[in-house]
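**Student:** Below: one structure in structure tokens.
The values are calculated or read from the model by the stated rules, or taken from the named source; none is laboratory data. Computed from a predicted model, the values in this text were never measured in an experiment. Here the Cβ positions follow ideal geometry from the backbone for every residue, glycine too, while neighbour counts run over all protein chains shown. Note: accessible area is taken over every heavy atom of the protein model, side chains too, but ligands, DNA and RNA are not part of it. Shrake-Rupley method; radii C 1.70, N 1.55, O 1.52, S 1.80 Å.
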Amino acid sequence: MDYFLQQSLNALSVGGEYALLALGLAIVFSVIRLVNFAHGELIALGGYAMYLSVLFAAPPVYALIPICIFVAMLSAVCFERVAFRPVRNAPPTTGLLTAFGVSILVQNILVIFVATRPKPVPTPDWMGGTMSIGDLDVPVVQVLETIVTVVAITGLLLLLRKTQIGLAMRAAAKDFVTVRMMGVRANRVIMTAFAVSGLLAGIAAVFIISRRGAVDPFMGFIPVLKAFVACVLGGFGSLAGALVGGLVLGCAEVFLQVVLPSQVAGFRDAFVFLMVGLILVMKPEGLVGKKVELGDKDE
Amino acid sequence: MTALLDVRSASVRYGAIAALRNVDLVVGEGEIVALLGPNGAGKTSLVSAIAGIVPLATGDVHFDGANISNLAVEDIVRRGISVTPEGRRVFADLTVTENLQLGAAIRADRQGVADDIERNFSMFPILKARARSEAKTLSGGEQQMLAIARSLMSKPRLLVLDEPSLGLAPKIVDQIFELMAKLRDEGLTMLVVEQNAAEALSFADRAYVLNSGECVYSGTAAEVANSDDLIAHYLGDGIATTALTD
Ligand SMILES: Nc1ncnc2c1ncn2[C@@H]1O[C@H](COP(=O)(O)OP(=O)(O)OP(=O)(O)O)[C@@H](O)[C@H]1O
Ligand SMILES: [Mg+2]
């Protein structure tokens, strides 16, 4: 029973991390139909901001967390301003190629100016510890990640439901032209979408880095891949889909980790993707069906 | 009368298609102008050009004395032109109230916006009853009311309505026209695109008739209504349909 609870928490924290990343992809996609494959580089840039801060300024370790989140957010806004805005009205493939371009550029800048090898990054000691809930000993990072995910998603919902810019983002997901006809500035809506995606990526980055203890230029690849799979699994473009897809993917990974015999445990991801494939064969529109949620693309 | 909206020699092209050719159109302060013509005449293209949604190939649009031809879509409404687009285009996933809030996006006076939402609710009781419903659950007529109410939220000086009666039952069409008459009596300037020529002519001051992208006639509403030629050639359907449904 304890083991079950421990693994459930583990699943929630991994699922929450994927959900944060998937939501970032989905919110940008819902507004401008761009699959931002440079999303993973936000994680790397947040991580390198931590590394460089330690190298040059040596701030207290806890201060690295806001630095990481802030830099990820700022990078997302810069990507939009510098790379995506000029191709905003180009065909979708141009946007996709631009995203790959940004991704490769950032990776190579990190390789050239920092190093290809992983660099250590500290996170606060207490994040690495365990705590007891009742008679369970659980890793602090998992508890924290679950809580932070819930808080972040609540904040996102409040933004989308209670603010003018949030209303505009939800409406723009289906009909951007009419939103602009209301006098809402397209640039503001799009920049907010990127800022939110960067914020969520920055939060996820803190947890990713606290687990790995190091950064490397290519560290964003696997997370963005997982986020993409989560989005497809849930139903692309739907925010609810991204959330559900992220949670299901995380739970599936942890579940398979637990049940797979050790000889095949190395192929866990293959099993996960096989499962995702099967789900999509049965339900091609994703787990969260079409018209169900805000941000759903197809009408 | 001073021209509030002044469209000069406007042309719109979609690739090789010339949807609108050198059209002039004036709407005076306080006037109701009807824009008539059969399907594909270029009415929506003209509205889209005014709204900044499609670029002008030739000509320009002046509003209140300023050239607004090159303004971005979001700046047009800030100048005081509110467009209720063809097909209503309410924000389907947003509630009625949220639609109205977004209609007031250019306004900073929160209290004023809240008051105007209430005023809209008293003008459109049906919307009040559905305030918290998603717009997609409204009927076509209710959605049209919502679209007009949303347009009014920006406090426009000119309201442009693109086929507000399209696809609605005769009873609802009457309601929409009653509503427009009310807005006229309040002094709102309006440019109304209609295929429902008879009804539109009965309440407009002047009318323009488009056909195949060109303006084939303009004059007072009475002149157009009394011109058998025009009606037979371009507006026959509209008049006939209303005659039948009356
Ligand atoms: N986005 C577009 N791309 C290509 N052609 C278009 C586009 N929009 C309109 N057209 C063409 O331009 C012409 C004028 O269309 P427009 O929509 O302005 O007519 P309309 O008078 O509003 O017609 P309706 O009464 O059917 O709404 C038509 O021939 C139409 O097919
Ligand atoms: Mg039209």
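**Student:** Of the residues A:VAL196, A:VAL189, which is within 25 Å of A:CYS68 (Cα to Cα), within 14 Å of chain B (Cβ to nearest Cβ) and crowded, with 21+ Cβ neighbours inside 10 Å? Quick ask: steps written out before the conclusion?
**Tutor:** Values: A:VAL196 fails: within 14 Å of chain B (Cβ to nearest Cβ).
After ruling out the rest, the residue left standing is A:VAL189.
**Student:** Now, a different point. With a cut-off of at least 2 residues that are open to solvent by 50 Å² or more (accessible area, probe 1.4 Å), name the strands (runs of 3 or more DSSP E) lying wholly within region B:171-221. Step through it out loud before you land on a result.
**Tutor:** Working: elements: B:189-194, B:206-211, B:214-220.
Answer list for region B:171-221: B:214-220.
**Student:** Of all residues in region A:234-290 being among the polar types (S, T, N, Q) and under 26 Å from A:ILE153 (Cβ atoms), which is most open to solvent (accessible area, probe 1.4 Å)?
**Tutor:** Going through region A:234-290, the residues among the polar types (S, T, N, Q) turn out to be A:238, A:257, A:262-263.
Those left that are additionally under 26 Å from A:ILE153 (Cβ atoms): A:238, A:257.
Details: A:SER238: 2, A:GLN257: 98 Å².
Looking at residues that are among the polar types (S, T, N, Q) and under 26 Å from A:ILE153 (Cβ atoms), I get A:GLN257.
**Student:** Restricting to region A:69-82, what's the tally of residues that are without any contact (Cβ under 8 Å) to a residue 40 or more places away in the chain and either open to solvent by less than 70 Å² (accessible area, probe 1.4 Å) or closer than 11 Å to A:GLY198 by Cα (or both)?
**Tutor:** Going residue by residue through region A:69-82, those that are without any contact (Cβ under 8 Å) to a residue 40 or more places away in the chain are A:78, A:82.
Subsequent filtering for residues that are either open to solvent by less than 70 Å² (accessible area, probe 1.4 Å) or closer than 11 Å to A:GLY198 by Cα (or both) retains A:78.
The total comes to 1.
**Student:** Looking at (1) β-branched (Val, Ile, Thr); (2) within 16 Å of ligand 2 (Cβ to nearest atom); (3) over 17 Å from B:LEU152 (Cβ atoms); (4) surrounded by 18 or more Cβ atoms within 10 Å (Cβ to Cβ), which is the one condition that is false for B:THR84?
**Tutor:** So the condition that B:THR84 fails would be (3).
**Student:** Another question, if that's okay. Could you tell me whether A:VAL114 is open to solvent by less than 30 Å² (accessible area, probe 1.4 Å) and of a type in the set (A, V, I, L, M)?
**Tutor:** Details: open to solvent by less than 30 Å² (accessible area, probe 1.4 Å): no; of a type in the set (A, V, I, L, M): yes.
Judged against the criteria, A:VAL114 is not a match.
**Student:** Out of everything in region B:9-29 that is of a type in the set (Gly, Ala, Ser) and in contact with an Asp or Glu (Cβ under 9 Å, 6 or more places away or on another chain), what residue ends up being nearest to ligand 2 (Cβ to nearest atom)? Talk me through it step by step, then tell me what you get.
**Tutor:** From region B:9-29, those of a type in the set (Gly, Ala, Ser) are B:9-11, B:15-16, B:18-19, B:28; that's our starting set.
Filter again for in contact with an Asp or Glu (Cβ under 9 Å, 6 or more places away or on another chain), leaving B:9-10, B:28.
Values: B:SER9: 21, B:ALA10: 15, B:GLY28: 23 Å.
Filtering first and then ranking leaves B:ALA10.
**Student:** Only one of B:LEU71, B:LEU56 is at negative phi, within 16 Å of ligand 1 (Cβ to nearest atom) and not in a helix (DSSP H, G or I); which? Full working, then the answer.
**Tutor:** Details: B:LEU71 fails: within 16 Å of ligand 1 (Cβ to nearest atom).
It is B:LEU56.
**Student:** Looking for whichever is out of contact with any His (no Cβ under 9 Å at 6 or more places or on another chain) and more than 25 Å from B:ALA104 (Cβ to Cβ) here; the options are B:ASP24, B:ASP64. Which one fits?
**Tutor:** Working: B:ASP64 fails: more than 25 Å from B:ALA104 (Cβ to Cβ).
Answer to the selection: B:ASP24.
**Student:** Can you find, within region B:154-170, the residue that is farthest from ligand 2 (Cβ to nearest atom) among those that are surrounded by fewer than 17 Cβ atoms within 10 Å (Cβ to Cβ) and small (Gly, Ala, Ser)?
**Tutor:** B:ALA169
Let's see how each residue does on (1) within 16 Å of ligand 2 (Cβ to nearest atom); (2) without any contact (Cβ under 8 Å) to a residue 12 or more places away in the chain; (3) buried (at least 19 other Cβ atoms within 10 Å of the Cβ):
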position	(1), (2), (3)
B:PRO38	yes, no, no
B:SER48	yes, no, yes
B:GLY52	no, no, yes
B:GLY59	no, no, no
B:ASN67	no, yes, no
B:ASN70	no, yes, no
B:VAL73	no, no, yes
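**Student:** Among the hydrophobic types (A, V, I, L, M, F, W, C), buried (at least 22 other Cβ atoms within 10 Å of the Cβ) and part of a loop (DSSP other than H, G, I, E, B): which single residue out of B:ALA92, B:ALA147, B:ALA131, B:ALA105 fits that description? Break it down into steps so the answer makes sense when it comes.
**Tutor:** Values: B:ALA92 fails: buried (at least 22 other Cβ atoms within 10 Å of the Cβ); B:ALA147 fails: part of a loop (DSSP other than H, G, I, E, B); B:ALA131 fails: buried (at least 22 other Cβ atoms within 10 Å of the Cβ).
After ruling out the rest, the residue left standing is B:ALA105.
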